[in-house]
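S.K.: Once you've had a glance at the structure underneath, I'll fire off some questions.
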Amino acid sequence: MKRILLASFALLLLASCSNEPTLQKYYVEKGGNPGFVSLDIAPTFIDTKNIKLSPEETKALKSLHKFNVLVYKADSLDVDHAKYNKEKDQVRTLVKSEYEELMKFNNGTSGASISTKGEGENIDEFVVFVHNQDNGFGVVRVLGDDMTPNNVLTIAGLLEKANIDTQQFAPLQQLLKNK
């Protein structure tokens, strides 16, 4: 019986491990590479101590777990933008394969998209992908449990009226400074 249980567990582990590329794997792989910066930002960067939250705002904040941010700053020496385009296209492909696109903007040299992962009104992840040929690109994964589009809009509103702890953004600010 023990052998059957161990064999079943091992088979389950092997089946759950996929070699398919994912946005999460891309984050892990690229996070430490030159030109990239990766940050995990807790929702506590939204300082709500000095504001009274409505029930909707409280619910929205409770649905939020963290923000994963990955930024690639386009190298000014890469005149033909080959590396930038390769990385941008790879991220775009990953986002399209894993997420449902809600909105997209593109003008040739820059653009943005918002995509989701989840079922109907129960969204587990929002992805915002922004790119500009001269500056680079950024991908923000907003992770939570059973978020709704209204929760995300509520959180966006909170960002405007709450104090923001910018200390968590220091590595990102350092990367984006002009050389």
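Read-outs throughout are calculated quantities, based only on the coordinates presented, and are distinct from any laboratory measurement. For clarity, every value in this text was computed on a predicted model and none was experimentally measured.
S.K.: With the Cα gyration tensor of the stretch 34-88 giving a ≥ b ≥ c as the square roots of its eigenvalues, does the rule (a/c under 1.5 for rounded; else a/b larger than b/c for prolate; else oblate) give rounded, prolate or oblate?
M.R.: prolate
S.K.: Still on this structure, please answer the following. Just to check I understand the Karplus step: with θ = phi - 60° and J = 6.51 cos²θ - 1.76 cosθ + 1.60, what whole-Hz values come out for the stretch 140-151, glycine and proline as x?
M.R.: Ordered by residue, 3J(HN,Hα) equals 10, 9, 9, 9, x, 10, 6, 6, 10, x, 5, 4 Hz.
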